[in-house]
Amino acid sequence: MKIILAEPRGFCAGVNRAIEIVELALKIYGTPLYVRHEIVHNHHVVNDLKNKGVVFVETLEEVPDNSVLIFSAHGTSPKIIDTAKERGLKFVDAVCPLVTKVHLEISKALKTNRKVIYIGHKGHQEVLGALGYAKENEEIFLVEKVEDIEELAKTLKDDEISVTTQTTLSVDDTKEIMDHLAKTFSKIEFPKSDDICYATQNRQDAVKELVKICDHILIIGSRTSSNTLRLLELAIKSGKSAELIPNPLEYRPSEDLNNKIIGISSGASAPDFLVQDLIKQLGSPPVTTLVFKEEHVEFPLPKELIKN
């Protein structure tokens, strides 16, 4: 057996920033510290923070008065943020700056009376946050697949439309939807720069290279992580066998993998120690790295934490 690691893989700048925000807030404000929704979609990260005194909640009703609250990296509806302000809660928004970019695009389009089509997966936390930017008498139309566009064509007809997307989608699938939207609507505007984040695209491109030289692909990450699931889908669509590995220490490799070349990548919220755990589970065979692109992106921390 041989292992080839995809590079880049694992933590992106937005995830690094979100985790650092929680760690800093713990030092500044102490415990208990409340986080609405999982700060990032990885239970290893979440459990580590729980052990340090972080309390994860889904609703503001679970947060006691006079508490400190962190909003997750996926973005939060303005209504929820306004409610936190009304309650006088001290909060820090750990939203990824690339998600904020999409929110600004949505707000700008709605202010100019354009209809917004948002490409994303129903129910995902990032999608819920983005859809929350529609105010009274405004609408954001969610598109998950090409088939959804036919029904929208009846509703929107000759309206002016702006398109935005969830940041963690499949690059190829999103292009197919956008191409279909361009053919369907005449007054349509697409984002000037790609909404799909650099880290999502880089990890997908790295897996595309990985499948060319590997027999089997292992993707490390959570089942709730959109960008991780897109990596798995991409590997499977390439025709290669592939598996999702949420917890490497529980993985039992099949004997079929002996004498195979195994490709490994991980989602943008998966810590790198999980990669090392998986290599050990595979018997610590020879490891090489396929470098697709180096990443040197860093996002600044919120001012309120730096002041402290």
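Readers should treat all values here as calculations from the given coordinates under stated rules, not as data from a laboratory. Keep in mind that this is a model prediction, so the values were computed, not measured. Note that we place each Cβ from the backbone using ideal geometry, even for glycine, and neighbour counts take in every protein chain shown.
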(message) With just the Cα atoms defining each centre, how far is region 27-51 from region 277-308? Give it in Å.
(response) 19 Å
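Given a Förster radius of 22 Å and the C-beta distance between GLU295 and LYS192 as r, what FRET efficiency does 1/(1 + (r/R0)^6) yield to the nearest 0.05?
Details: r = 22 Å, r/R0 = 1.01.
According to the calculation, E is roughly 0.50.
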(request) Would you work out the relative contact order for region 98-189, in percent, from Cα pairs under 8 angstrom that are 6 or more residues apart? (result) 36 percent
(request) Just list whichever of LYS108/LYS192; LYS50/LYS85; LYS122/LYS145; LYS122/LYS208; LYS85/LYS108 have alpha carbons separated by over 19 Å in the model shown. (result) LYS50/LYS85; LYS122/LYS208; LYS85/LYS108
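So between ASP158 and LYS101, what do we pick up on full extension, going 0.36 nm a residue minus the alpha carbon distance? Spell out each step's value before the answer.
Numbers: separation 57, 0.36 × 57 = 20.52 nm, distance 2.66 nm.
Extra length from ASP158 to LYS101 when fully extended: 17.9 nm.
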(request) Amide H neighbours of VAL68 under 5 Å, at least 5 residues apart or on other chains, H built in the peptide plane: list them. (result) TYR34
(request) Along each of the three principal axes of the Cα atoms of region 98-189, give the extent in whole Å, ordering the values from largest to smallest. (result) 29, 28, 19
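Could you order the peptides 195-205, 265-275 from most to least packed, using the average number of other C-beta atoms within 10 Å per residue?
Numbers: 195-205: 22.4, 265-275: 24.2.
The peptides rank, most packed first, as 265-275, 195-205.
So what is the relative contact order for the chain, in percent, with contacts set as C-alpha pairs under 8 Å and at least six apart? Could you put the intermediate results ahead of the total?
Numbers: 568 pairs, mean separation 83.6, N = 308.
Computed value for the chain: 27 percent relative contact order.
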(request) At 7 Å along the Cα-to-beta-carbon direction for both LYS183 and LYS90, put a label point, then send me their distance in nm to one decimal. (result) 5.6 nm
(message) Students often check this: by mean Cβ neighbours within 10 Å, which of 48-57, 93-102, 151-160 ranks highest, and how do the rest follow?
(response) 93-102, 48-57, 151-160
(message) As a test of the formula, what do you get for the chain when each DSSP H run with n ≥ 4 contributes -39,500 (n - 2.57) and the sum is divided by the residue count, at 222 nm and rounded to the nearest 500 deg cm²/dmol?
(response) -12000 deg cm²/dmol
(request) Assign one of three labels to region 72-227, namely rounded, prolate or oblate, based on the Cα gyration tensor with a ≥ b ≥ c the square roots of its eigenvalues; rounded applies when a/c is under 1.5, prolate when it is not and a/b is larger than b/c, and oblate otherwise. (result) oblate
(request) Assign one of three labels to the chain, namely rounded, prolate or oblate, based on the Cα gyration tensor with a ≥ b ≥ c the square roots of its eigenvalues; rounded applies when a/c is under 1.5, prolate when it is not and a/b is larger than b/c, and oblate otherwise. (result) oblate
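Could you calculate the FRET efficiency of TYR251 with ASP205 from 1/(1 + (r/R0)^6), where r is the beta carbon distance between them and R0 is 25 Å, rounded to 0.05?
Working: r = 25 Å, r/R0 = 1.02.
Taking R0 as 25 Å, the efficiency between TYR251 and ASP205 is 0.45.
What does the C-alpha gyration tensor say about the overall shape of region 31-102? Classify as rounded when a/c is under 1.5, otherwise prolate if a/b is larger than b/c, or oblate. Mind showing how you got there, number by number?
On the way: a/c = 2.15, a/b = 1.07, b/c = 2.01.
Oblate, since a/c reaches 1.5 and b/c is not below a/b.
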(request) Order the peptides 213-226, 132-145 from the highest to the lowest mean number of other Cβ atoms within 10 Å of their residues. (result) 213-226, 132-145
(request) For LYS52 paired with PHE273, estimate the spin-label separation in nm (one decimal), with each label point 7 Å from Cα along the Cα-to-Cβ line. (result) 1.2 nm
